[in-house]
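A quick write-up on the structure given underneath.
The values are calculated or read from the model by the stated rules, or taken from the named source; none is laboratory data. Quick caveat: nothing in here was measured; it's all calculated off a predicted structure. Because the Cβ atoms are built from the backbone with ideal geometry, glycine has one as well, and the counts that use them run over all protein chains shown.
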Amino acid sequence: MSQRNGTNPGINLSFCVKRWITPDRWAPVVRDQLGLDLIQFSFDLVDPMWPASVLSRHAREVRKAADDHGITIHSAFIGLAHYTFNQLLHPDEEVRRVAETWLERAYGFAAEAGIPGVGGPLGAIASRTDGKEADAIDERDYADLVERMLRLGNKAKAVGLSELYVEPTPMRREWPWTIEQARQMMTDAAGSATPWRLCVDWGHGTFQPLYGPQADTMEPWFTELHDVIGAVHIQQTDFQFDRHWDFTEKGRVDPAEARALLARTGLAQSPVFLEVFYPFERDSISLLEALKASAASLKQAFA
């Protein structure tokens, strides 16, 4: 399951949460029903803190299912469950160490499953009691985060991973959330034993309540960071919240225009993953139909 670049879109397995949770379920859905052969695995389907024997068995099953169905797994992302914790920016130093261990175990699982890269948002500082948010996290927190990124780079290399990813988010409590911060982080982490790259999300860089009404395109992110972008998340959204809608919903992202923008900014070969989330109570049949329509729309636009 070697890493593959190309214009064919892929999908993050976020849609599988609490539904198609094992490889014998998600692999045929991805390949046979959606007609896709490129995915980003989600750690909402596997908890890296499971006992080693359970993790190892699931890793083998993931590798086999992908091979059997002709699916390339580009990377594995942390998922929503782990994202809800403050991770590497938690105010408790011991919790930060636990979060680092979580990632180290995620790297081990990915390596055994034949997945070459792991990524996601790295953490969030705690809110102030008055609710006010600064424009930057504390310098000591940032320095500690970079130190952990470099240490994690060593751990990733030790198990054979080839790339790590950080996903910018549109929140002042997380890092990075601006183009300038993202560039600085990539510069500061450039000495990592395993290269760090960005995975940028269409609904993050266009969050107008944070960035202003001019944030109606991803072009500045792509233009200024194209050399450090390793993957892209695409979603339907209205630029007012991080919606993660599929493309049966009305929004402001047009797949054909998205494809043209990537080509115009030098990212035509960057892997692009549909990342959508659904209410748990929604029935699976209607969800599948929406996913099929969305996959068809993206495949047509990216052909």
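Tell me, please, whether a residue that is crowded, with 19+ Cβ neighbours inside 10 Å, part of a helix (DSSP H, G or I) and either in contact (Cβ under 8 Å) with a residue 12 or more places away in the chain or of a type in the set (S, T, N, Q) (or both) can be found in region 156-167. The answer is yes; a qualifying residue exists.
Do the conditions hold for V228, that is, is it touching a residue at least 12 places away in the same chain (Cβ under 8 Å), touching a Leu at 6+ places or on another chain (Cβ under 9 Å) and surrounded by 21 or more Cβ atoms within 10 Å (Cβ to Cβ)? Judged against the criteria, V228 is not a match. Of the residues L291, L210, the single one that is of a type in the set (A, V, I, L, M, F, W, C), crowded, with 21+ Cβ neighbours inside 10 Å and in contact with a Phe, Trp or Tyr (Cβ under 8 Å, 6 or more places away or on another chain) is L291.
Annotation note: of D130, D188, the sole residue that is free of Cβ contacts under 8 Å to residues at least 40 places away in the same chain and over 16 Å from F77 (Cα atoms) is D130.
In this structure, does D216 turn out to be surrounded by fewer than 13 Cβ atoms within 10 Å (Cβ to Cβ), among the charged types (D, E, K, R), at pLDDT 95 or above and touching a Ser or Thr at 6+ places or on another chain (Cβ under 7 Å)? It is true that D216 is surrounded by fewer than 13 Cβ atoms within 10 Å (Cβ to Cβ), among the charged types (D, E, K, R), at pLDDT 95 or above and touching a Ser or Thr at 6+ places or on another chain (Cβ under 7 Å). Examine region 120-143 for a residue that is at pLDDT below 95 and either in contact with a strand residue (DSSP E or B) (Cβ under 9 Å, 6 or more places away or on another chain) or surrounded by 17 or more Cβ atoms within 10 Å (Cβ to Cβ) (or both), and state whether such a residue exists. Looking for residues that are at pLDDT below 95 and either in contact with a strand residue (DSSP E or B) (Cβ under 9 Å, 6 or more places away or on another chain) or surrounded by 17 or more Cβ atoms within 10 Å (Cβ to Cβ) (or both), one finds at least one in region 120-143, hence yes.
Here the condition is being in contact with a Lys or Arg (Cβ under 9 Å, 6 or more places away or on another chain) and of a type in the set (A, V, I, L, M); of A81, A113, A66, it holds for A113 alone. Here is a check on your reading of the model: is P51 surrounded by fewer than 17 Cβ atoms within 10 Å (Cβ to Cβ), over 16 Å from the mean Cα position of the chain (by Cα), modelled with pLDDT of 95 or more and over 29 Å from L291 (Cβ atoms)? Considered against the rule, which asks whether it is surrounded by fewer than 17 Cβ atoms within 10 Å (Cβ to Cβ), over 16 Å from the mean Cα position of the chain (by Cα), modelled with pLDDT of 95 or more and over 29 Å from L291 (Cβ atoms), P51 comes out as yes. Is it the case, given these coordinates, that F85 is buried (at least 22 other Cβ atoms within 10 Å of the Cβ), under 26 Å from P176 (Cα atoms) and within 19 Å of the chain's Cα centre (by Cα)? Judged against the criteria, F85 is not a match.
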